[in-house]
1. Mind listing whichever residues of region 60-110 are within 12 Å of residue 252 (Cβ to Cβ) and aromatic (Phe, Trp, Tyr)?
2. Which residues, counting only those in region 144-188, are touching a residue at least 40 places away in the same chain (Cβ under 8 Å), aliphatic (A, V, I, L, M) and within 16 Å of the ligand (Cβ to nearest atom)?
3. Spot the failing condition for residue 117; the list is (1) modelled with pLDDT of 95 or more; (2) surrounded by fewer than 22 Cβ atoms within 10 Å (Cβ to Cβ); (3) more than 22 Å from the chain's Cα centre (by Cα), and only one is missed.
4. Give just the number: which of (1) more than 26 Å from the chain's Cα centre (by Cα); (2) buried (at least 21 other Cβ atoms within 10 Å of the Cβ) does residue 61 not satisfy?
5. Considering only region 14-46, how many residues are among the β-branched types (Val, Ile, Thr), away from the ligand (no atom under 15 Å from the Cβ) and either in contact with a Leu (Cβ under 6 Å, 6 or more places away or on another chain) or within 22 Å of residue 176 (Cβ to Cβ) (or both)?
6. When you look at residue 215, is it in the same structural domain as residue 120 (by TED's automatic domain parsing) and under 21 Å from residue 51 (Cβ atoms), yes or no?
7. Counting only residues that are in a helix (DSSP H, G or I) and acidic (Asp, Glu), which one in region 108-148 is nearest to residue 181 (Cα to Cα)?
Amino acid sequence: MSNEFLSERVMSIAPSPSVAANALVAQLRAEGRDIVNFTVGEPDLNTPAHIVEAARKAMETGDTHYTNTLGTPALRKAIVTKLARDNGIEYCIDEVVAGTGGKQIIFEALAATLNPTDEVIVHTPYWVSYPDITKLNGGTPVVIHGNEKNGFKLNPEELQKAITPRTKWVILNSPNNPSGAVYDAAELKALAQVLRDHPHILIMADEIYEHFVYGNEPYLSFPAAAPDLKDRTLIINGASKGYAMTGWRLGFGAGPKWLIDAIGKLLSQSTTCPSSISQAAAVAAFAGDQAPVKAMAKLYRTRRDIILVALEGIQGLTYTVPEGAFYLFVNVQGLLGKTTPEGKTLNTDGDVVQYWLEEGGVATVVGQAYGISPYVRLSFASSEEVIQDGCARIRRVCESLR
Ligand code: PLP
């Protein structure tokens, strides 16, 4: 098929690099290669049993039809319950919408609001999809470059400088994929102070990793830190990460009714509604027993500590300890300029990723995909055995560089 049939919009974006990296692992394994997969952006654990049971019951009792476009009343009630219980924020049932993953809600929210010349502020390292979803919807991503020295956190001065009359959205992501940065109350309030002076800006608070925070402070949602900005904020969250439900494709948005209605209008013309079975499962996830979520958070914290120890002392690698999510974002500047046993010089983070994959059989994602180089993202949502194996391979191939 020739590109001449494709739209300018689709030609302006790249396929999701993390999805592509994962697909490459599947391909290499099918060819018989032994690969440790550190590219995965999802829990390796199975969905908790009580959630699976709720889905089974839904199928058996005929809960198998189209639902309300915004989601079933039971699910929206469960989301409202979750937001009050976990985040201390009161929403009405008509201020929440369920989608086929949080990704769909991000997409529809931008589709519902962006006009040509509108700008969306993102901050590196950013989740790979924000700029491309912005472009697909006719907007322009405005990239603020993150700084490792301040833990890759967006600071108020940089935010202020990036704002123009055309800014429509600012996307905040805490805990951050890929850096693991988590914003505390003072940091969120400082960003809110800037945004308070710009009533033309909407705030997207992507909180999909909220359950995985490793510090002593409880997680703070953006509208809980800045309640007066709640009517300009869209929370993005979902079942994928916290409840080990990536394949169920169930996310949600919470925000002002006018925006939720507009997203609903788009959903009615696209997917109609998320799977009724996934919705029934998500009711059990959001409103049911939270013990499995707490157990998973504990496990990821242990794994984070394991990966930090396993990489200790490898020459050329430095990193900021992740405070949340399940990724380690490794600075590989110290490897650049070195030569592989085959005589190839490593010039970019892409070269490092390639070398680790070819020589070590370890798959990772290149920092450039997150808008910043030279970095490599390692997911630690894997068993201790896999983490140890992968890190030992990385150590071996790094030590063979000259
Ligand atoms: N936001 C971030 C930061 C993510 O990492 C992801 C998935 O990787 C999503 C949103 C979307 O998740 P889902 O569509 O599975 O709910």
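1. Scanning region 60-110 gives a single hit, 91.
2. 170, 171, 172, 181, 182
3. Result: residue 117 fails condition (1) only.
4. Tallying (1) more than 26 Å from the chain's Cα centre (by Cα); (2) buried (at least 21 other Cβ atoms within 10 Å of the Cβ), residue 61 fails exactly one: (2).
5. Number satisfying all stated conditions: 1.
6. Taking the combined requirement at face value, the residue does not satisfy it.
7. Restricting to residues being in a helix (DSSP H, G or I) and acidic (Asp, Glu), the top hit is 148.
The values are calculated or read from the model by the stated rules, or taken from the named source; none is laboratory data. A quick note: this is a predicted structure, and the numbers were derived from the prediction, not measured. Neighbour counts run over all protein chains shown; Cβ positions are idealised from the backbone, glycine included.
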